[in-house]
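The values are calculated or read from the model by the stated rules, or taken from the named source; none is laboratory data. Treat the numbers as computed from the prediction; the structure is a model and nothing was measured. As a convention, Cβ positions derive from the backbone with ideal geometry for all residues, glycine included, and neighbour counts pool all protein chains shown.
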Amino acid sequence: MDSFFKDSSIIKVGEGLQDRLRLLDSSTEAPTLEKINNELINFGLTSREAKVYIHLARFGPQKANKIAEDIHTHRTETYHTLTSLQNKGIVTATLERPISFVALPFEKAIEKIIALEKERVSLTQKKSPHIFEIWNSIPPNIEKEIPIMQFQIFEGIDQAYGKMNEIPEKIENEISIMASQLNLARLDQEGILDKLLEKEKEIGISVKLLVDLEAEKLTKNMNARHVRFLPSSIKPAPHFLLVDNKEVIFFTSKEDAPRKQMSAIWTNYEVFNKALSIMFNKLWNNSK
């Protein structure tokens, strides 16, 4: 850590903060200044801007040469940084020659930075439709979008079920589900089964549930065309949701694992999904 953060002088800051900040001994000053520096970066300043602003806020008005010397930065870079801080409105320059630079009081500087950030976000929101319009005016270089094969790993049941809740809106033709009694109950509790059956009524998708015999009580009110039962030799039943044979969420943990330790993968990898589809349909056709 450079000498900028090791100086043990009394902190001289803008109005309003003077009474709150006291002399820091050498063992606590550097970490505290480092935290302030990092917070200013979080507020949108660059590392060099934060460093120069803190220096001016601590030691009062200074000339550019002195600032560059104290914080061990090249003079040209210091001038660029001071210009940037002036453009942000948190540093001003005196009329004297040579020019001295003055930091805006800390609280007012933060208010100014926040206002600038809000203005930037507002401007971005206003301009976003325009940039989309420009982008869409460019003729595509490819005739058809080529899907990228991907894997996504979920740790914890909440992440996996969050992904599952997106599925009903995406299905075009069919969904194939293999589950044990416990996993089927979870799908029911999450409302995913209801959403799928509603989707079936809306656009006529095919819903297939391949479950173990213990799940019979959970399926007694469902239409028989939706449900078939796995042979008793297949235990524990794998748990996955295969959507249009294009993407799958496959649980890789034991069904009785604690919620936070449950894991699953999502993938649109064609070969993997095709293999699951072949297996599922073979079991479906051979099941009651």
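Data table
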quantity	calculated
Scan of segment 44-72 for residues that are of a type outside the set (Val, Ile, Thr), farther than 18 Å from Ala30 by Cβ, exposed (fewer than 14 other Cβ atoms within 10 Å of the Cβ) and under 35 Å from the mean Cα position of the chain (by Cα), ordered by number	none
Residue in segment 1-19 that is in a helix (DSSP H, G or I) and either modelled with pLDDT of 80 or more or surrounded by fewer than 18 Cβ atoms within 10 Å (Cβ to Cβ) (or both) present	yes
When residues of segment 249-265 are limited to those that are over 22 Å from the mean Cα position of the chain (by Cα) and under 22 Å from Ile175 (Cβ atoms), the one surrounded by the most Cβ atoms within 10 Å (Cβ to Cβ)	Phe251
Pairs with Cβ under 9 Å, 6+ apart, first in segment 267-287 and hydroxyl-bearing (Ser, Thr, Tyr) and in a strand (DSSP E or B), second at pLDDT below 95 and surrounded by fewer than 17 Cβ atoms within 10 Å (Cβ to Cβ)	Thr267/Met149; Thr267/Gln150; Thr267/Phe151; Thr267/Gln152
Top-ranked residue of segment 155-194 - restricted to ones that are free of Cβ contacts under 8 Å to residues at least 40 places away in the same chain and among the small types (Gly, Ala, Ser), ranked as farthest from Ala275 (Cα to Cα)	Gly191
Selection count, segment 73-85, where residues are surrounded by fewer than 18 Cβ atoms within 10 Å (Cβ to Cβ), under 22 Å from Lys108 (Cα atoms) and in contact (Cβ under 8 Å) with a residue 12 or more places away in the chain	1
Hey, Pro231 assigned to a loop (DSSP other than H, G, I, E, B), within 15 Å of Ser180 (Cα to Cα) and modelled with pLDDT of 90 or more or not	no
Any pair with Cβ under 6 angstrom, 6 or more apart, that starts in segment 90-102 at a residue that is at pLDDT 85 or above and ends at one that is part of a loop (DSSP other than H, G, I, E, B) and of a type in the set (A, V, I, L, M, F, W, C)	Ile90/Leu104; Ala93/Ile99
Any pair with Cβ under 8 angstrom, 6 or more apart, that starts in segment 41-55 at a residue that is without any contact (Cβ under 8 Å) to a residue 40 or more places away in the chain and ends at one that is of a type in the set (Asp, Glu) and surrounded by fewer than 14 Cβ atoms within 10 Å (Cβ to Cβ)	Arg48/Glu77
Residue in segment 103-132 that is modelled with the lowest pLDDT, counting only those that are within 27 Å of Thr78 (Cα to Cα) and small (Gly, Ala, Ser)	Ala115
Selection status of Lys118, in a helix (DSSP H, G or I), surrounded by 11 or more Cβ atoms within 10 Å (Cβ to Cβ) and of a type in the set (Lys, Arg)	no
Flag if Ile131 is touching a residue at least 40 places away in the same chain (Cβ under 8 Å) and part of a helix (DSSP H, G or I)	no
Subset of segment 40-54 [modelled with pLDDT of 90 or more and either aromatic (Phe, Trp, Tyr) or within 21 Å of Arg97 (Cα to Cα) (or both)]	Val52, Tyr53
